[in-house]
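A short write-up of the structure that comes next.
Bear in mind these aren't lab numbers, they're just calculated from the coordinates by the rules spelled out. What you see is a predicted model; the values in this text were computed from it and never measured. All Cβ positions, even for glycine, are placed from backbone atoms using ideal geometry, and neighbour counts span all protein chains on display.
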Amino acid sequence: MTRFAFAGRSSTEDFQDPEASKNWQLLRAKALIEPVGGQIVAEYFDSGHSRAL
C-alpha cells in the first residue's frame, strides 16, 4: 500500500462551495490512487482567494 496526503483548495466561498469542491476533488483523487493500492491517510483543504481579486 502506498500512502498519500490529499491537498485540495477552493476559491472564496463567493465563487465555490468549499464542501462540494472538497468532496469532488477527494473523489477524483481516490479514483486515481485506489485502483493501484493507494490510500489517503491525511487531508488538507483550504479556501482562499479568487484569481479574480
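Just need the relative contact order of the chain here, percent rounded to a whole number, with Cα pairs under 8 Å and 6+ apart. Spell out each step's value before the answer.
On the way: 69 pairs, mean separation 30.3, N = 53.
Across the chain, relative contact order equals 57 percent.
Cα axis of helix 18-33 to longest principal axis of the chain: angle in degrees, 0 to 90, nearest 10?
Here the helix axis deviates by roughly 30 degrees.
Tell me what the chain gives for mean residue ellipticity at 222 nm when only DSSP H runs of n ≥ 4 count, each as -39,500 (n - 2.57), the sum divided by the residue total, rounded to 500 deg cm²/dmol. Please report the intermediate quantities before stating the final value.
Numbers: 1 runs with 16 residues, N = 53.
Per the formula, -10000 deg cm²/dmol.
Which loop trypsin sites (Lys or Arg not before Pro) in region 8-49, with loop taken from DSSP, have no more than 12 other Cβ atoms within 10 angstrom of their Cβ?
none
Mind checking the dipole of the chain: about its Cα centre, +1 per Lys or Arg Cβ, -1 per Asp or Glu Cβ, Debye to the nearest 20? Display every interim value, and only then the final one.
Numbers: 6 positive and 7 negative charges, 57 e Å.
That gives a dipole near 280 debye.
Please list, short to long, the whole-number percent of alpha-carbon pairs of the chain in consecutive 10 angstrom bins beginning at zero.
Percent of pairs per bin, in order: 25, 44, 23, 7, 0.
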